[in-house]
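Trainee: What follows is a single structure, and I will ask about it in a moment.
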Amino acid sequence: MKHVAAEPELRPLVFPAKDVRTAFEATLERAGGSLGVWIVLNAVSDEGFISHRTLATRAHVDGATITHHVDRAEEVGLVVREVDPSDRRVKRLRLTPAGVRLHKKLLAEVNGLEKRTLSGIPERDLAVLARTLEAIRVNIEE
């Protein structure tokens, strides 16, 4: 008798995760942004002012990657770098008016995608999903 291997438990997560990422990035691009711009604008919007190091940590990327995204956002006038008055070695980021406008536009589009993607899923299931995904993220980081 031939043994059939059981399907890995993560397989049903991998493909929807890829589809969500693809849809997320396409939504950002149609609205005039990108994933890199979103990472920067969303984090700076949440904090008001944020350092590169804090931004990299929150975005789960290395310093070089976040620097590239910040450089790009600064080049197109979405953020400005300012010296931190409490530590002149630290550069903080602040959204420009154009950055605020683009962030609002991207956020509205992302919220629409989220609403469509999660449509019909009961709140209790969404709560379980959120806890489960966070546990998976923590387990992978360890």
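Trainee: Working from the pairwise distances between different alpha carbons, so that the mean of 1/r is found and then inverted, what is region 97-136's Kirkwood radius in Å?
Mentor: One over the average 1/r among Cα pairs gives 11.9 Å for region 97-136.
Trainee: Separate question: With contacts defined as alpha carbon pairs under 8 Å and 6 or more residues apart, what's the relative contact order of the chain in percent?
Mentor: Values: 114 pairs, mean separation 32.9, N = 142.
The normalised contact order for the chain reaches 23 percent.
Trainee: Might you report the magnitude of the Cβ-based charge dipole of region 5-142 about its Cα centre, with Lys and Arg at +1 and Asp and Glu at -1, to the nearest 20 debye? Intermediate values should be presented prior to the final figure.
Mentor: Details: 21 positive and 21 negative charges, 90 e Å.
My answer is approximately 440 debye.
Trainee: What does the charge count around ASN111 come to, taking other residues whose C-beta lies under 12 Å from its C-beta (Lys +1, Arg +1, Asp -1, Glu -1)? If you can, show how the numbers build up before the last one.
Mentor: Working: positive: LYS104, LYS105, LYS115, ARG116; negative: GLU109, GLU114.
So the environment of ASN111 carries a net charge of +2.
Trainee: Divide by every residue of the chain the summed helix terms, -39500 (n - 2.57) for each DSSP H run of at least 4, and state the resulting mean residue ellipticity at 222 nm, rounded to the nearest 500 deg cm²/dmol. Don't jump to the answer; show the numbers that get you there.
Mentor: Values: 6 runs with 95 residues, N = 142.
Taken over the chain, the calculation gives -22000 deg cm²/dmol.
Trainee: Gaussian network model of the chain, Cα springs within a sub-10 Å range: biggest mean-square fluctuation belongs to which of SER51, SER119, SER34?
Mentor: The residue that fluctuates most here is SER119.
Trainee: Per the 1.4 Å probe, what fraction of the accessible area of the chain, in percent, lies on carbon and sulfur atoms? Display every interim value, and only then the final one.
Mentor: On the way: 5640 of 10040 Å².
Taking all protein chains in place, the chain shows 56 percent carbon and sulfur surface.
Trainee: State the percent of C-alpha pairs, over all pairs in region 47-108, separated by a distance greater than 14 angstrom. Present the calculation step by step, with values, prior to reporting the outcome.
Mentor: Details: 1109 of 1891 pairs.
The share of Cα pairs beyond 14 Å in region 47-108 comes to 59 percent.
Trainee: Only helices at least 24 Å long along their axis, Cα-based, and averaging -1.0 or more on Kyte-Doolittle count here, so list those DSSP H runs from the chain.
Mentor: Numbers: long enough: 11-30 (29 Å, -0.28); 97-118 (31 Å, -0.30); 123-141 (27 Å, 0.13).
For the chain, where a helix must reach 24 Å along its axis and average at least -1.0, the hits are 11-30, 97-118, 123-141.
Trainee: With 5 Å bins from zero, work out the P(r) of the chain over every alpha carbon pair and list the percent per bin.
Mentor: Distribution as computed: 2, 9, 14, 17, 17, 14, 11, 7, 4, 2, 1, 1, 1, 0, 0 percent.
Trainee: Could I ask something else about it? For the chain, what does the accessible surface come to per residue with a 1.4 Å probe? Please give it in Å².
Mentor: 71
The values are calculated or read from the model by the stated rules, or taken from the named source; none is laboratory data. Given the structure is predicted, the values throughout are model-derived calculations rather than measurements. Ideal geometry is used to build each Cβ from the backbone, glycine not excepted, and the neighbour counts take in all protein chains shown. Side chains are part of the model used for accessible areas, which takes the heavy atoms of the whole protein and leaves out ligands, DNA and RNA. Shrake-Rupley method; radii C 1.70, N 1.55, O 1.52, S 1.80 Å.
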